């Protein structure tokens, strides 16, 4: 399971780093240096889908260490910045991409510009799983009720 934390109000951005063994499941079709990956996140409630590219050749999206990629998603949810899906940038919101449960699929491809899952450059799905998106919100504050109501409450049971 992938855990994605959204930035707090007023934060410029939030980097989320998680590890996937993408090199273990590669379709060894093209030269490995040309491979990129598409991460498709589908909200389990709204069914809306967000697609971002993971490019192993860009250190701001992925870093390979012993056949395991450290994937970096950068979230701009509480900013006016428009995210660039080619740089693994996301922007969650309360309507289409709210915090909660997501399904993800990772596709291997040999394009550095394609974001379409049905493109001829996509070789296939190499990983599926679940992701959970959490938002940093202030903790709810409760106030104890200290009323002096002397009313009698009656409950009827049949």
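The values are calculated or read from the model by the stated rules, or taken from the named source; none is laboratory data. Keep in mind the model is a prediction, meaning the values are calculated, not measured. We place every Cβ from the backbone using ideal geometry, glycine too, and count neighbours over all the protein chains shown.
Quick notes on this structure:
- Set 132, 120: member being at pLDDT 90 or above and in a strand (DSSP E or B): 132
- If the condition is being loosely packed, with under 14 Cβ neighbours inside 10 Å and either in contact with a helix residue (DSSP H, G or I) (Cβ under 7 Å, 6 or more places away or on another chain) or within 19 Å of residue 62 (Cα to Cα) (or both), then the stretch 81-130 contributes 84, 113, 128, 129.
- Boolean, residue 153 is exposed (fewer than 11 other Cβ atoms within 10 Å of the Cβ) and modelled with pLDDT under 80: yes
- With respect to the conditions (1) over 14 Å from residue 19 (Cβ atoms); (2) surrounded by 14 or more Cβ atoms within 10 Å (Cβ to Cβ); (3) at pLDDT below 90; (4) in contact with a strand residue (DSSP E or B) (Cβ under 8 Å, 6 or more places away or on another chain), residue 78 lacks only one, and its number is (4).
- Of the residues making up the stretch 84-115, those that are in contact (Cβ under 8 Å) with a residue 12 or more places away in the chain and under 15 Å from residue 54 (Cα atoms) number 18.
- Candidates 45, 102, filtered to the one that is within 16 Å of residue 131 (Cα to Cα), in contact with a strand residue (DSSP E or B) (Cβ under 7 Å, 6 or more places away or on another chain), at pLDDT 70 or above and part of a loop (DSSP other than H, G, I, E, B): 45
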